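The values are calculated or read from the model by the stated rules, or taken from the named source; none is laboratory data. Keep in mind it's a predicted model, so treat the numbers as computed, not measured. Virtual Cβ from ideal backbone geometry, glycine too; neighbours counted across all protein chains shown. Side chains included, ligands, DNA and RNA excluded: accessible areas come from the protein's heavy atoms. Shrake-Rupley method; radii C 1.70, N 1.55, O 1.52, S 1.80 Å.
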Amino acid sequence: MSFDPDRRDILKLMAVGGVVFASGLAGAATGRRRKSDAGAESEFFFLQLSDTHWGYSGVSNPEADVTLPRAIETINAAGAQPDFIVFTGDLTHTTDDAAVRRKRMTEFRRLAGGLKVKDLRFLPGEHDAAKDAGGAFKEHFGAAHYAFDHKGVHFVALDNASDPEGVVGPAQIDWLARDLKKVGRDRRIVVLAHRPLFDLYPEWEWSTKDGAKVIDVLLTYPHVTVFYGHIHQEHHHTTEQIAHHAARSLVFALPAPGSVPKKLPAAWDPAAPFKGLGYRRVTVDGARTDLTELPVDRTT
């Protein structure tokens, strides 16, 4: 059985640029339903917002200061509320000024606190954390890597952005291995990260330098899905049985990897302000996972 919220609520969520809609992640990979320490497995959905870049000001989105508040209003207006919302990095736009960095994080936290869904999860991006090794991020949002369980699914949030070299680091990889060993092989595992864990396009820093070591740990588990941000566009990749899915940005799009000589945000189009932004619906039905990408500039 798959979870399908009212279509009117989905249409409301379509008005939000950069929202990634995920449903049904509690489905066991074998198609069976069972009890777990986290409670009875049941269908549910969560929202992933990525690369909100609060504080950005530039020609690629002259409405950046209203995009996030508008998204929050749209989510709150939808009748079908998610179980939780996760922001997968680059919550704020980079700055060398530590006081401005903390001011932006305070503003972002206040805005996010306006969401009706009070279970909020945050990951750092390099814009949030690389300048101070995640210091300000941890002050405002807590741990930069952690794990939690929700309705039979084990979620792991990794930090591959606080180190300016774009690494996870041996201590965190050891922590991951210990955490998953306790979970066991039969559980569905969802990994959340900012950067891609594989080498998508290292020339643009679209990779994690020690991502192969993380993948080695994950490959010992048969039911793993990775959701990440950073590249501001839809992208799908598989590493053996592991599926990796990138989220679009809420604020501006970026070009396809290697498609242009220099990585620059896509030009703003006032006639289509949400061009390149969108959300994803992920439906899990037993052993099968279906993804549907729905751009917000789609007419229905």
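Numbers at a glance
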{"read-out": "Scope region 136-169; condition aromatic (Phe, Trp, Tyr), within 27 Å of residue 188 (Cα to Cα) and either buried (at least 18 other Cβ atoms within 10 Å of the Cβ) or out of contact with any Lys or Arg (no Cβ under 9 Å at 6 or more places or on another chain) (or both); matching residues", "value": "141, 155"}
{"read-out": "Residue under evaluation residue 230, criteria (1) modelled with pLDDT of 95 or more; (2) within 22 Å of residue 72 (Cα to Cα); (3) more than 20 Å from the chain's Cα centre (by Cα), criterion not met", "value": "(3)"}
{"read-out": "Residue within region 182-191 that is crowded, with 22+ Cβ neighbours inside 10 Å, among the aliphatic types (A, V, I, L, M) and touching a Lys or Arg at 6+ places or on another chain (Cβ under 7 Å) present", "value": "no"}
{"read-out": "Residue, nearest to residue 86 (Cα to Cα), within region 112-129, restricted to residues that are hydrophobic (A, V, I, L, M, F, W, C) and open to solvent by less than 30 Å² (accessible area, probe 1.4 Å)", "value": "122"}
{"read-out": "Output for region 74-90, where each listed residue is modelled with pLDDT of 85 or more and outside any loop (DSSP other than H, G, I, E, B)", "value": "76, 85, 86, 87, 88"}
{"read-out": "Given (1) under 26 Å from residue 270 (Cα atoms); (2) surrounded by 14 or more Cβ atoms within 10 Å (Cβ to Cβ), index of the condition residue 76 fails", "value": "(2)"}
{"read-out": "Within region 244-300, tally of residues that are in a strand (DSSP E or B), within 23 Å of residue 68 (Cβ to Cβ) and modelled with pLDDT of 90 or more", "value": "2"}
{"read-out": "Residue check, residue 133 open to solvent by 40 Å² or more (accessible area, probe 1.4 Å), out of contact with any helix residue (DSSP H, G or I) (no Cβ under 7 Å at 6 or more places or on another chain), more than 26 Å from residue 69 (Cα to Cα) and touching a residue at least 24 places away in the same chain (Cβ under 8 Å)", "value": "yes"}
{"read-out": "Condition met for residue 217 (of a type in the set (A, V, I, L, M), out of contact with any Gly (no Cβ under 6 Å at 6 or more places or on another chain) and open to solvent by less than 10 Å² (accessible area, probe 1.4 Å))", "value": "no"}
{"read-out": "Test result for residue 186, modelled with pLDDT under 95 and either within 17 Å of residue 123 (Cβ to Cβ) or in a loop (DSSP other than H, G, I, E, B) (or both)", "value": "yes"}
